[in-house]
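Student: Questions regarding the structure given below will be posed in turn.
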Amino acid sequence: MNTILRKSVLGVAGLAFAGGVFAGPVAAHAAGTTHAAKPVSVSVQGDKLIPHGVQGEQSRIDLNDEQTANVKAIIAATKKAGMDERAAVVSIATALQESKLENLGHLGDRNDHDSQGLFQQRPSSGWGTVEQITDPEYSTTAFLKGLKQVDGWQDMPLTKAAQTVQVSAYPDHYAQWEQQAADLVAQHWNK
């Protein structure tokens, strides 16, 4: 795909997320306890889950049964799409940032535009209907389609790959979830 067409596709796709992340609803209702870890800049070359090491301070939340079920749904959708563990790590880290792995419906005044679901996708930006984007398999598949359009995503730091799809107002925030996402993929990939 040529660069101009790819940027156009990603630009339209990213609009679905730009509003949802900028002063989005996640912070207003995030469940679970966030635990900050010490800053890490480790290079784990050859590790398929974290090939570039994590960037910056890492966050971690305790997951409830619904959030764990969403992790499993993201992994299942990633496998169904024929993608590897690294794609699942990028997807789970993105959903941790966007929704804390909660399948969010419309939040009224706390909603930023019409962002919904695990990835805070917007029906008005072409991601699908509300029913579709609040379906974990559908929303993950939509995110992965965007990720596949990113040339060299496998060789990018997680936050850059996620940001290229999401077009967030806070592009570096995805990085803080990489270790927890990798731990979750390691725990649930072969189950």
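Student: Please list the non-local residues whose amide H lies under 5 Å from the amide H of Val167, H modeled 1.01 Å from N, same-chain partners needing a gap of 5 or more.
Tutor: Excluding prolines and chain starts, which carry no amide H, there are no hits.
Student: If you don't mind, another one. Just to make sure I understand: if all protein chains stay in place, what is the order of Thr164, Thr94 by accessible area at 1.4 Å, largest first? Please report the intermediate quantities before stating the final value.
Tutor: Numbers: Thr164 40, Thr94 0 Å².
Sorted descending by solvent-accessible area, the residues read Thr164, Thr94.
Student: How many Å³ per residue does the convex hull of the Cα positions in the range 50-137 occupy? Please report the intermediate quantities before stating the final value.
Tutor: Details: hull volume 10.7 nm³, N = 88.
Convex hull of Cα atoms, per residue: 121 Å³.
Student: Order Lys145, Lys79 by their accessible area, 1.4 angstrom probe, all chains in place, largest first.
Tutor: Lys145, Lys79
Student: Taking a 20 Å limit on the Cα-Cα distance, which of the listed pairs Lys160/Lys191; Lys145/Lys191; Lys48/Lys100; Lys48/Lys148 fall beyond it? Mind dumping the intermediate values first?
Tutor: Working: Lys160/Lys191 29 Å; Lys145/Lys191 24 Å; Lys48/Lys100 23 Å; Lys48/Lys148 17 Å.
In this structure, Lys160/Lys191; Lys145/Lys191; Lys48/Lys100 exceed 20 Å between Cα atoms.
The values are calculated or read from the model by the stated rules, or taken from the named source; none is laboratory data. Computed from a predicted structure; not experimentally measured. We work out accessible area using only protein heavy atoms, side chains counted, and drop any ligands, DNA or RNA first. Shrake-Rupley method; radii C 1.70, N 1.55, O 1.52, S 1.80 Å.
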